[in-house]
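What follows is one structure encoded as structure tokens, with my remarks underneath.
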Amino acid sequence: MAVDRERSVVFGQAVELYEAARPGYPDRLVTEVLEYAPDGPVLEVGAGTGKATAAFAARGIDLTCVEPDARMAAALAAKCPGVRVEIGIFEDYTPDRPFALLYSAQAWHWVDPERRWDLAHAALAPSGALALFWNHYLVTDPGLRATLAEVDHRHGVSSYSSHQDTPVRNEEVQHLLSGDPRFTDLDERSYSWTEWYDATRYLDLVRTIPAYRILPAERREPLLAELASVLGDGVEMTFVTDLTLVRRAPA
């Protein structure tokens, strides 16, 4: 399936919302990724505003970030001044050295599916690690979640939202990597936590999700108003982070 470039660039329209409303990633995940990977330089693909970058950069690593949107890249550089930021898509990036770790947080699906595994293999040193992880958003209360989903459907939003029943797992990634002899030591891990979002922050989170952002304002704003009418003061969110780890096979 080709990358939906329209959706891939909507995040730069909402830099402040993205930074304020999107959750980060568990410290334990950062620790375990760095323990899995050999020592050496690190490459992040699709860094955004630095939701994952800040946690990795705090560990004192040599970090290069590739980010396609100049608006997101500017926020990233201001937030993480010690990292190198390359503006552009990963498909056009030429690594200047082999990397011990390549990771991508919430962004790997924006890389061309026909080229992503070749590009990762080419960027990694032998035995270097590839770490792919995603946060999945789930409204904890099933009754409220169902009501919010009904609002979505009435307004024509049927693709990914916070109102699904179960998180989407990384089955395609796992299947492809398990059948690719260039990669080895496949490892899958999951982390979960809950967090209270007041109504304003929750609606800001919704505004960062492409399924809603691509709607014209005359459709999006009535949808958000109806969601707000059933939220009350706020909502407990369950966040699930799925992590897939694999190594480039030794030379």
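The values are calculated or read from the model by the stated rules, or taken from the named source; none is laboratory data. If you're wondering where the values come from, they're calculated on a predicted model, not measured in any experiment. Cβ placement follows ideal geometry from the backbone for every residue including glycine, while neighbour counts extend to all protein chains displayed. Accessible surface is based on the protein model in full, side chains and every heavy atom, while ligands, DNA and RNA are left aside. Shrake-Rupley method; radii C 1.70, N 1.55, O 1.52, S 1.80 Å.
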Counting only protein heavy atoms with a 1.4 Å probe and every protein chain in place, the carbon and sulfur fraction of the accessible surface of the chain in whole percent equals 52 percent
To the nearest 20 debye, the chain has a Cα-centred charge dipole, built from +1 on Lys and Arg Cβ and -1 on Asp and Glu Cβ, of 280 debye
The size of the Cβ-based charge dipole (Lys, Arg +1; Asp, Glu -1) of the range 78-157 about the Cα centre, to the nearest 20 debye, is 260 debye
Scattering profile of the chain from the Debye formula, Cα beads only, expressed as log10 I(q)/I(0) at q = 0.11 Å⁻¹, is -0.60
Probe 1.4 Å, heavy atoms of protein chains only: per residue, the accessible area of the chain in Å² is 45 Å²
In a Gaussian network model of the chain with springs linking alpha carbons closer than 10 Å, the residue among GLY232, GLY24, GLY156 that fluctuates most is GLY232
Of 92-98, 38-44, ordering from highest average Cβ density within 10 Å down gives 38-44, 92-98
With +1 at each Lys and Arg Cβ and -1 at each Asp and Glu Cβ, the charge dipole magnitude of the range 83-122 around its Cα centre, to the nearest 20 debye, comes out at 200 debye
Once the dipole of the chain is set up from charges on Cβ (+1 Lys and Arg, -1 Asp and Glu), the residue from the list VAL66, VAL15, THR238 lying farthest towards its positive end is VAL66
Per-residue ellipticity at 222 nm attributable to helices in the chain (runs of n ≥ 4 DSSP H, -39500 (n - 2.57) apiece, nearest 500 deg cm²/dmol) works out to -10000 deg cm²/dmol
